[in-house]
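The values are calculated or read from the model by the stated rules, or taken from the named source; none is laboratory data. Every value quoted in this text rests on a predicted model; they were computed, and no experiment measured them. All Cβ positions, glycine included, derive from the backbone under ideal geometry; neighbour counts span all protein chains shown.
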Number of protein chains: 2
Amino acid sequence: MRLARHVENTLDGPVTRVVVAGADHGTWHDIRGSARRRALAGGATREGAARLAESLVPASMSAALAGGSAFLDVAREAAAEAAEETRIETPALTNALDPVSYRDFMVFQEHFSFGYRWQNRSVPDVMYEFPVSYAGDPLAFLGPGDVLPWPGYTQRLDYELELGVVIGRGGTGLAPDTALEHVVGLTILNDVSARDIQAREMGGGLGPSKGKHFASVIGPVITTLDEIPVEGLRMTARVNGELWCDTTSAEMIWSVAEIVAWASQGEMLRPGALLGTGTCNGGSTLELGHWLSPGDQIELEVEHLGVLRNSIGSPGPAPWTPQARPRESDGRTRQLHFLR
Amino acid sequence: MRLARHVENTLDGPVTRVVVAGADHGTWHDIRGSARRRALAGGATREGAARLAESLVPASMSAALAGGSAFLDVAREAAAEAAEETRIETPALTNALDPVSYRDFMVFQEHFSFGYRWQNRSVPDVMYEFPVSYAGDPLAFLGPGDVLPWPGYTQRLDYELELGVVIGRGGTGLAPDTALEHVVGLTILNDVSARDIQAREMGGGLGPSKGKHFASVIGPVITTLDEIPVEGLRMTARVNGELWCDTTSAEMIWSVAEIVAWASQGEMLRPGALLGTGTCNGGSTLELGHWLSPGDQIELEVEHLGVLRNSIGSPGPAPWTPQARPRESDGRTRQLHFLR
């Protein structure tokens, strides 16, 4: 099953609908419309059917997934039926997921080795001890076709080709052999990065922030795990039509199941949470010595997950930047008079 | 104005209500109830008044703040009126904010200097160039009185006494002189930390993840900026009744306005976003050489913001942990046949 979100212009402005591809993947269908038809056929009034359908299929994919199998069942019915009455005439897909939280790992060794060399560091041991991640901004997600913003504070905008792992069912303390039961599907993730400020920030040890949080891209679809293998997917990136990356997710040093299991230790993973695998090998400009420019066309493709296309916008206005502080001695020690 | 959230047990299970303190701070009042009374007085039907009040005052503080001045006006009215009919008889406060996103800075020099020494590093220059932050999990927030979970993967649980800055009005590209117009108020933030895994993770350069994301605590109230000074608040921490920290927010090397302004460059800050200042000087056990134990009682107090009390829970079950990977050569280079 391929789930996505479609934007429709209405009297209330742009309205987002959760949609599913028909069985032959040639058409998109409004899942809420399908649920409403089914309720009507069961004797519901027009108002009752609308109310039930809206609660089963809200505009938010995360909220829809939080309905569990009640939502997935109506989505499956809508796809199987592929009724003409629910068909979206002119699909305009947006970010397939509006994640409730976003954590991005770094599990492709060749990519992270490049990254550490770029920072003049050797690869730290921890990268081989467990999957390491940073958290991103769940509110900054764009979708297919959106122009990627170029913050005024960066000269080095970059894309990152990743697999996005979408949690469908909540869970904590999972082991890898059951972790995939909590994953509803996979999607393409572009963890857009501003390399110059990212490098400065990461010197502080707290990870990237301004270097990442201004935008991420997800979509065009979430393909459910029952339709595809979870490992070994071909991943390619093209910039202005030229192939810049051609690799496979088989090169991950931790599996999707291990990433999910580790993320769930001591924490509750919730429906609509997004876990990224980190950049695939060769999946950014960092290792290529090619940079991006405004107007560039980025196409990220993953087997079974479609193509995620975006163009690069023009640099934004000059930012306000803080005035540097005088560096004081590191050795200043508080008089801890209240402790022996 | 002091805003908070109260939990009430109902036929539908625990239900959260956004509440406000009466003018003398002695009573808590249900803002939705106040809005409903006002609508009834304006001629609304019972059903119409309930619908209007629910849309103005949802259960989520972030969603309420997203209503802008329409929400703040009804909150102010409820506080001024402090009507007996809206009074919460037995207040049970929970996390005052359910943030839509969470970013935590590190702007107290003495604390971060201790932190870097603890990591055997000198303070990196970037700490004096701009405010550096990491993103946390917006879904892991607890409130006053909650028992803090002790993940099975840590031996070194710690508290962090911080100021929480709550965004009330969206904005991007802000300068410090207008940034505070986008802050609705301040609260106490405990950025609970697992020091051992945090230190290992931070060696990877992506910042903390398992060391932080399992829990944060916020509350008991959000005090609006019109009532308090934004700088120079006294901050104290007591563990089992003993004073472990006594400092002031005046020691921040970047102001609240500068933190908000920097966070907003190239990004849209949204109502309900939470920015932490990072640990105040002396505000964790890191610099004290005292550790926490299960059962410890933590009291964090900030002038005008109340006291945030929590106890430390028992260690959780032994986690699943990944099997370390063999370390490969860092120097492996992909044959980039498709690039010159």
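In table form, for the structure just shown:
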| quantity | calculated |
| --- | --- |
| Unique residue being touching a strand residue (DSSP E or B) at 6+ places or on another chain (Cβ under 6 Å) and within 13 Å of chain A (Cβ to nearest Cβ) when the list is B:Leu275, B:Leu233, B:Leu243 | B:Leu275 |
| Among the candidates B:Asp146, B:Asp104, residue that is of a type in the set (Asp, Glu) and within 12 Å of chain A (Cβ to nearest Cβ) | B:Asp104 |
| Complete set of residues in the range A:178-194 that are within 14 Å of chain B (Cβ to nearest Cβ) and within 24 Å of A:Asp146 (Cβ to Cβ) | A:Asp191, A:Val192, A:Ser193, A:Ala194 |
| Pick from the range B:117-139, criterion surrounded by fewer than 22 Cβ atoms within 10 Å (Cβ to Cβ) and assigned to a loop (DSSP other than H, G, I, E, B), ranking: farthest from the other protein chains (Cβ to nearest Cβ) | B:Asn120 |
| Residue within the range A:215-227 that is under 16 Å from the mean Cα position of the chain (by Cα), in contact (Cβ under 8 Å) with a residue 60 or more places away in the chain and within 11 Å of chain B (Cβ to nearest Cβ) present | yes |
| Qualifying residue in the range B:83-93 (condition: surrounded by fewer than 18 Cβ atoms within 10 Å (Cβ to Cβ), away from chain A (no Cβ under 14 Å) and of a type in the set (Lys, Arg)) | yes |
| Flag if A:Arg156 is surrounded by fewer than 22 Cβ atoms within 10 Å (Cβ to Cβ), in contact with a helix residue (DSSP H, G or I) (Cβ under 7 Å, 6 or more places away or on another chain) and under 16 Å from A:Met61 (Cα atoms) | no |
| Selected residue (criterion: farthest from B:Glu231 (Cα to Cα)) from residues of the range B:178-195 that are free of Cβ contacts under 8 Å to residues at least 60 places away in the same chain and surrounded by 16 or more Cβ atoms within 10 Å (Cβ to Cβ) | B:Ala194 |
| Matching residues, the range A:232-245, being loosely packed, with under 13 Cβ neighbours inside 10 Å and either outside the structural domain of A:Val107 (by TED's automatic domain parsing) or assigned to a loop (DSSP other than H, G, I, E, B) (or both) | A:Gly232, A:Gly241 |
| Breaking point among (1) surrounded by fewer than 17 Cβ atoms within 10 Å (Cβ to Cβ); (2) away from every other protein chain (no Cβ under 11 Å); (3) farther than 30 Å from B:Leu275 by Cα, for A:Ala175 | (2) |
| Residue within the range A:155-171 that is within 11 Å of chain B (Cβ to nearest Cβ), under 24 Å from A:Pro319 (Cα atoms), without any contact (Cβ under 8 Å) to a residue 60 or more places away in the chain and part of a loop (DSSP other than H, G, I, E, B) present | no |
| Any chance A:Gly152 is under 22 Å from A:Ser314 (Cβ atoms) and not in a helix (DSSP H, G or I) | yes |
| Residue satisfying all of: in the range B:172-202; assigned to a helix (DSSP H, G or I) and among the small types (Gly, Ala, Ser); nearest to B:Gly68 (Cα to Cα) among these | B:Ala179 |
| Matching residues, the range B:1-46, being buried (at least 19 other Cβ atoms within 10 Å of the Cβ) and among the aliphatic types (A, V, I, L, M) | B:Met1, B:Leu3, B:Ala4, B:Val18, B:Val19, B:Val20, B:Ala21, B:Ile31, B:Ala35, B:Ala39 |
| Residue in the range B:268-280 that is free of Cβ contacts under 8 Å to residues at least 60 places away in the same chain and assigned by TED's automatic domain parsing to the domain that holds B:Gly173 present | no |
| Those helices (runs of 4 or more DSSP H) lying entirely in the range A:45-102 with at least 2 residues within 20 Å of the chain's Cα centre (by Cα) | A:61-65 |
| Residue list for the range B:103-116, restricted to those being in a helix (DSSP H, G or I) and buried (at least 21 other Cβ atoms within 10 Å of the Cβ) | B:Gln109, B:Glu110, B:His111, B:Phe112, B:Ser113, B:Phe114, B:Gly115 |
| Residue that is nearest to B:Gln109 (Cα to Cα) [pool: residues in the range A:291-340 that are charged (D, E, K, R) and modelled with pLDDT of 95 or more] | A:Asp296 |
| Filter result (of a type outside the set (Ser, Thr, Tyr) and either more than 21 Å from the chain's Cα centre (by Cα) or not assigned by TED's automatic domain parsing to the domain that holds B:Ser69 (or both)) within the range B:16-27 | B:Gly22, B:Ala23, B:Asp24, B:His25, B:Gly26 |
